[in-house]
Amino acid sequence: MTRVLDVARIQLVNWPVLLAYPLGLLAVLPLLGWGIDVSNGEGAFGAHEIYLLPALWGVVAPAHLQSMTQVFPFALGLGVTRRTFAAATALVVVGQALLVGLVMVVLDVVERSTGGWGREARIFGPAVLGQHGPFALWFVYSGPLVAVSAIGVLAGVVFQRWRQTGIYLGLAGAAALLAGIKLLASQRSWWPAIGDFLGGQPSFALYTAYPLVFALALGATAWLVLRRATA
């Protein structure tokens with residue numbers, strides 16, 4: 001375990017990308033929301049929601065891609081095993097998600113306390129997330145962050161193993177898979193059933209349980225590729 005923590009600290013050398021950028025983005029989201037309201041000509045009153053949280057995913061995923069393409073070769077040069085590096089990566093991913101998720105809970109409390117930043121705006125607590133206490137909301141925020149981090153890790157491992165060719169083939173394969181699923185669902189008229197199923201799921205499952213299952217599947221795939229990746 002000590003060795004895993006040591007390797008995790010090596011990854012945290014990249015702390016601006018892993019922590020400063022996501023936390024900095026969270027800090028400016030209320031200001032971005034105000035700018036959107038001004039540009040839309042929306043008045044100061046009237047409850048409304050501004051969907052900015054997905055922007056955070058675009059900051060989190062590349063951070064872990066960089067860890068796999070830059071820190072992984074360096075760690076191998078220090079004699080770190082792939083298993084230890086993988087365990088350290090999982091620790092960093094979960095720790096980052098929990099820390100950022102906790103800050104989001106605090107910002108949600110501030111948002112509620114200030115009446116939606118003084119203009120009834122909902123940025124950190126849109127209705128789609130459901131109604132949760134602070135502890136459950138912490139995991140609702142953290143689950144999607146773990147999932148997108150897993151995407152970044154897998155992309156980084158694929159790049160490290162097969163370079164640009166692997167990324168291009170991976171993107172093409174993912175696009176083909178999604179297109180095939182869409183075509184099959186359309187031909188079989190499954191979309192209403194899919195919508196009913198998702199609509200009937202509790203928000204905690206949609207934003208915590210399912211993302212974690214998704215992340216575990218991607219993490220297992222990344223480990224299979226990482227075993228063959230070289231510096």
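With the checklist (1) among the hydroxyl-bearing types (Ser, Thr, Tyr); (2) crowded, with 21+ Cβ neighbours inside 10 Å; (3) in a loop (DSSP other than H, G, I, E, B) in hand, flag the one item residue 189 doesn't pass. Looking at each condition in turn, residue 189 falls short on (2). Whether any residue in region 194-203 is in contact (Cβ under 8 Å) with a residue 24 or more places away in the chain and either in a loop (DSSP other than H, G, I, E, B) or within 29 Å of residue 133 (Cβ to Cβ) (or both) is what I want to check. Yes, that holds for at least one residue.
All but one of (1) touching a residue at least 24 places away in the same chain (Cβ under 8 Å); (2) closer than 24 Å to residue 140 by Cα hold for residue 32; state the number of the condition that does not hold. Status for residue 32: all satisfied but (1).
Give region 192-231 a look and list any residue that's of a type in the set (Val, Ile, Thr), open to solvent by 50 Å² or more (accessible area, probe 1.4 Å) and either within 29 Å of residue 69 (Cβ to Cβ) or within 18 Å of the chain's Cα centre (by Cα) (or both), or say none. Walk me through it before giving the result.
Of the residues in region 192-231, the ones of a type in the set (Val, Ile, Thr) are 194, 208, 213, 221, 225, 230.
When the remaining residues are screened for being open to solvent by 50 Å² or more (accessible area, probe 1.4 Å), the result is 194, 213, 221, 230.
Of everything in region 192-231, those that are of a type in the set (Val, Ile, Thr), open to solvent by 50 Å² or more (accessible area, probe 1.4 Å) and either within 29 Å of residue 69 (Cβ to Cβ) or within 18 Å of the chain's Cα centre (by Cα) (or both) turn out to be 213, 221, 230.
A count restricted to region 20-35 and to residues that are crowded, with 17+ Cβ neighbours inside 10 Å and over 25 Å from residue 116 (Cβ atoms) stands at 0.
Among the residues of region 134-141, some residue qualifies, meaning at least one is surrounded by fewer than 18 Cβ atoms within 10 Å (Cβ to Cβ), in a helix (DSSP H, G or I) and aliphatic (A, V, I, L, M).
Only one of these conditions is not met by residue 180: (1) modelled with pLDDT of 95 or more; (2) closer than 30 Å to residue 130 by Cβ. Which number is it? It is condition (2) that residue 180 fails. Would you confirm whether or not region 1-17 contains a residue that is within 15 Å of residue 116 (Cβ to Cβ) and surrounded by fewer than 12 Cβ atoms within 10 Å (Cβ to Cβ)? Checked region 1-17: no residue is within 15 Å of residue 116 (Cβ to Cβ) and surrounded by fewer than 12 Cβ atoms within 10 Å (Cβ to Cβ).
Table: residues versus (1) within 14 Å of the chain's Cα centre (by Cα); (2) farther than 19 Å from residue 212 by Cα; (3) at pLDDT below 95.
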residue: 14; (1), (2), (3): no, yes, yes
residue: 26; (1), (2), (3): yes, yes, no
residue: 31; (1), (2), (3): no, yes, yes
residue: 39; (1), (2), (3): no, yes, yes
residue: 58; (1), (2), (3): yes, no, yes
residue: 78; (1), (2), (3): no, yes, yes
residue: 100; (1), (2), (3): yes, no, no
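Tell me yes or no: at least one residue of region 121-143 is closer than 30 Å to residue 77 by Cβ, of a type outside the set (Lys, Arg) and in contact (Cβ under 8 Å) with a residue 24 or more places away in the chain. Quick ask: steps written out before the conclusion?
Here is the first cut: in region 121-143, the residues closer than 30 Å to residue 77 by Cβ are none.
For region 121-143, residues closer than 30 Å to residue 77 by Cβ, of a type outside the set (Lys, Arg) and in contact (Cβ under 8 Å) with a residue 24 or more places away in the chain: absent.
The values are calculated or read from the model by the stated rules, or taken from the named source; none is laboratory data. This is a predicted model, so every value here is computed, not measured. Methodologically, a virtual Cβ is constructed for each residue, glycine included, from the backbone with ideal geometry; neighbour enumeration extends over all protein chains shown. Please note that ligands, DNA and RNA were not included when accessible areas were found on the heavy atoms of the full protein model with its side chains. Shrake-Rupley method; radii C 1.70, N 1.55, O 1.52, S 1.80 Å.
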